[in-house]
Ligand SMILES: NC(=O)c1ccc[n+]([C@@H]2O[C@H](COP(=O)([O-])OP(=O)(O)OC[C@H]3O[C@@H](n4cnc5c(N)ncnc54)[C@H](O)[C@@H]3O)[C@@H](O)[C@H]2O)c1
């Protein structure tokens with residue numbers, strides 16, 4: 001058994017729950033006794049995560065939504081409230097990444113990444129914040145990236161890095177705007193994490209070097225992002241809002 005974060009009985013919305021970090025967070029919350037609304041695009045993969053959650057004894061629903069579509073984000077949060085109860089926890093992990101040198105990148109490639117990674121986090125936080133206001137309070141963790149603070153050596157992803165810097169600063173802004181509603185908003189910024197996103201063709205060959213450039217000498221497993229997220233969601237972090245918590249094995253100190 002891992003740590004008990006005291007979250008049992010609460011209801012969470014997790015975007016990007018079908019894969020990687022979002023999936024690990026959804027399953028981790030299920031182990032903590034949280035009821036989880038799993039939100040992403042792919043119904044089949046969401047259904048598989050919900051099956052895993054139910055096998056753990058957790059209440060869970062799968063809700064297919066595209067974070068580029070604010071109506072589907074609102075519907076996902078509404079479904080979580082209707083089927084699981086008042087929403088007081090949210091983790092926004094939905095995101096995409098790709099690469100092209102800045103001087104060759106077409107504008108639609110740039111704006112598409114911003115639409116998912118930054119605007120999608122905004123619309124998700126807005127829907128979740130409204131639900132938490134109805135519930136009398138809550139807490140949100142957005143998954144940004146250390147790429148919001150550094151430019152990744154060898155990866156041509158100005159759009160991605162800009163989106164993640166935006167998520168970090170949006171979090172600071174929402175922290176004060178939502179505080180009167182009893183809602184804390186924080187950011188977790190992972191380093192290189194072994195998920196499908198990190199294994200895409202333009203990145204996979206760089207991963208061994210990134211591990212060597214990390215003080216802990218390796219890249220993260222997605223499950224290692226859960227603990228920091230759970231801490232920020234928990235009452236142990238009751239006076240923590242507007243922070244960006246790096247979970248990078250020390251990568252950004254060098
Ligand atoms: N893997 C890493 O090294 C790393 C490092 C730092 C930050 N992150 C961030 O962590 C988050 C999760 O990434 P991951 O590595 O688990 O990737 P992943 O590709 O395994 O999972 C991404 C998830 O986002 C969902 N998603 C993508 N576009 C969506 C959309 N338009 N609407 C709804 N859902 C959508 C996918 O369905 C999937 O569930 C992302 O925000 C990513 O930027 C990843």
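The values are calculated or read from the model by the stated rules, or taken from the named source; none is laboratory data. In this text the structure is predicted, and so the values were computed from the model without any measurement. Note that we place each Cβ from the backbone using ideal geometry, even for glycine, and neighbour counts take in every protein chain shown.
Residues of segment 23-32 include none that is without any contact (Cβ under 8 Å) to a residue 24 or more places away in the chain and part of a loop (DSSP other than H, G, I, E, B). Filtered by the rule that a residue be more than 10 Å from the ligand (Cβ to nearest atom) and touching a residue at least 40 places away in the same chain (Cβ under 8 Å), segment 158-167 gives 158, 159, 162, 166. Determine if segment 117-124 includes at least one residue that is assigned to a helix (DSSP H, G or I), within 24 Å of residue 11 (Cα to Cα) and touching a strand residue (DSSP E or B) at 6+ places or on another chain (Cβ under 6 Å). Scanning segment 117-124 turns up at least one residue that is assigned to a helix (DSSP H, G or I), within 24 Å of residue 11 (Cα to Cα) and touching a strand residue (DSSP E or B) at 6+ places or on another chain (Cβ under 6 Å).
Taking the conditions exactly as written (closer than 22 Å to residue 193 by Cα, in contact with a strand residue (DSSP E or B) (Cβ under 6 Å, 6 or more places away or on another chain) and within 10 Å of the ligand (Cβ to nearest atom)), does residue 93 satisfy them or not?
Yes: the conditions hold for residue 93.
Residues that are more than 16 Å from the ligand (Cβ to nearest atom) and out of contact with any strand residue (DSSP E or B) (no Cβ under 9 Å at 6 or more places or on another chain) within segment 30-77 comprise 31, 32, 33, 55, 56, 57, listed in sequence order. Quick one: is residue 103 more than 18 Å from residue 12 (Cα to Cα), at pLDDT 95 or above and in contact with a helix residue (DSSP H, G or I) (Cβ under 6 Å, 6 or more places away or on another chain)? For residue 103, the condition - more than 18 Å from residue 12 (Cα to Cα), at pLDDT 95 or above and in contact with a helix residue (DSSP H, G or I) (Cβ under 6 Å, 6 or more places away or on another chain) - is not met. Scanning segment 129-148 for residues that are closer than 22 Å to residue 73 by Cβ, assigned to a helix (DSSP H, G or I) and either within 11 Å of the ligand (Cβ to nearest atom) or in contact with a helix residue (DSSP H, G or I) (Cβ under 6 Å, 6 or more places away or on another chain) (or both) returns 129, 131, 133, 148.
Please indicate, with yes or no, whether at least one residue in segment 98-105 is without any contact (Cβ under 8 Å) to a residue 60 or more places away in the chain and within 18 Å of the chain's Cα centre (by Cα). No: zero hits.
Counting only helices (runs of 4 or more DSSP H) that fall entirely inside segment 175-247 and contain at least 1 residues that are over 22 Å from residue 161 (Cα atoms), the qualifying elements are 226-233.
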